[in-house]
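> Have a look at the structure that comes next, please.
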Amino acid sequence: MIRGILQLKQRVLDEIYPRICCSCGKEITEGDEHGLCWDCRADSVALGPPWCERCGQIVAGRIDHVFTCSDCEAHPPQYHQGRSLFHYEGGVREAIHALKYHRNFSVIPDLSRMLLAGVKTYFPDADGQALVAVPLHRSRQRKRGFNQDVELIRGMLKLDPRLKTWQGLKRIRNTDTQTKLSKAARKENVRSAFAVKKRSSVPERVLLIDDVMTTGATLDACAVAMKKAGVKEVNTLTIARG
Ligand SMILES: [Zn+2]
Ligand SMILES: [Zn+2]
């Protein structure tokens, strides 16, 4: 309902105002399927190998063999592989901010297209792999009115309707109110923040979609909950790594 109203409002605004790039403010002249202009998209710094085989952390220097970073050696993540597409800066960062904090839905096609390219590049075996959004807590969802990851997956489905999705993951703990906790306590708190809905049949493989990966603790916590419920393999794909 709220989403419908937001989209209608966006459509009205698009009619009244020409669409401008959320990052540089220039008018976008390449059709209305963009909220980020070509220059700002082209300016985004893509991540790529050599990187940690598990978490996708970039490794400086030349490495030809399969490499696991010291963090993943010490504490192997519960997800199988994590990949991020861009550095969290410039136009990509502005676009994610515009969506999350300013409800600028015009950037969804751009961001969804990036994610879809990531799926095709890093997780091309689409069969049996279900896209899953990192769920928001009920109170957070109510406040924001939408979940950016859900919207991004919707955008991906518009581009490729063959993609599968799964909505069985839920957030049972609101971890936004944990700023007073220590870093270790925060990590522990987020660890038990997710669960799989009762009576939900689980897919064999999951590709968890999120906007930004920072420490990876949230993605890992989602993987813990899904694997506990019987998902065999969890991979993660984020637009950016901060
Ligand atoms: Zn721009
Ligand atoms: Zn790693």
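> In the chain, once you exclude exposed GluC sites (Glu not before Pro) (DSSP loop, at most 13 other Cβ within 10 angstrom), what's the longest stretch remaining?
Numbers: sites that count: E30, E33, E89, E204.
In the chain, the maximal stretch lacking such sites is 90-203.
> Over all pairs of distinct alpha carbons, what does the Kirkwood formula give as the hydrodynamic radius of the stretch 2-241, in Å? Don't jump to the answer; show the numbers that get you there.
Details: mean 1/r = 0.0532 Å⁻¹.
Computed over the stretch 2-241, the radius equals 18.8 Å.
> Can you classify the stretch 154-242 as rounded, prolate or oblate using the Cα gyration tensor, where a ≥ b ≥ c are the square roots of its eigenvalues, rounded means a/c under 1.5, and otherwise it's prolate if a/b beats b/c and oblate if not?
oblate
> Report, for the stretch 110-242, the % of DSSP beta bridges that are antiparallel, rounded to 5. Let's see the in-between values first.
On the way: 3 of 18 bridges.
Of the beta bridges lying entirely in the stretch 110-242, close to 15 percent run antiparallel.
> If the elastic network links every pair of Cα atoms under 10 Å, which of N104, N147, N189 fluctuates the most in the Gaussian network model of the chain?
Sorting by GNM fluctuation, first place goes to N189.
> Expressed as a rounded percentage, what relative contact order does the chain have, with Cα pairs under 8 Å and six or more residues apart? Kindly include the intermediate steps, with their values, before the conclusion.
Values: 399 pairs, mean separation 51.7, N = 242.
Relative contact order comes out at 21 percent.
> Another question about this same structure. Given the DSSP H assignment, sum -39500 (n - 2.57) over each helix run of at least 4 residues in the chain and divide by its residue total; what's the result at 222 nm in deg cm²/dmol, nearest 500?
Numbers: 9 runs with 93 residues, N = 242.
Rounded to the nearest 500, it is -11500 deg cm²/dmol.
> Restricting to the chain, what percent of DSSP beta bridges are antiparallel, rounded to 5?
On the way: 6 of 27 bridges.
Roughly 20 percent of the DSSP beta bridges within the chain come out antiparallel.
> Which entries of K170/K198; K158/K198; K183/K232 show an alpha-carbon separation above 21 angstrom in the structure shown? Walk me through the numbers before you get to the answer.
Values: K170/K198 10 Å; K158/K198 29 Å; K183/K232 29 Å.
From the list (K170/K198; K158/K198; K183/K232), the Cα-Cα distance tops 21 Å for K158/K198; K183/K232.
> Which of A225, A193, A60 moves most in a GNM of the chain, Cα contacts under 10 Å?
Taking springs between Cα atoms under 10 Å, the residue moving most is A60.
> Same structure again: If you line up the long axis of helix 2-16 against the longest principal axis of the chain, both from Cα atoms, how many degrees apart are they, to the nearest 10?
So the inclination is approximately 40 degrees.
> Order the peptides 74-83, 130-139 from the highest to the lowest mean number of other Cβ atoms within 10 Å of their residues.
Working: 74-83: 17.3, 130-139: 19.4.
So the order, starting with the most tightly packed, is 130-139, 74-83.
Bear in mind these aren't lab numbers, they're just calculated from the coordinates by the rules spelled out. Because the structure is predicted, anything quoted here is derived from the model rather than measured. Cβ: placed from backbone, ideal geometry, glycine included. Neighbour counts: every protein chain shown.
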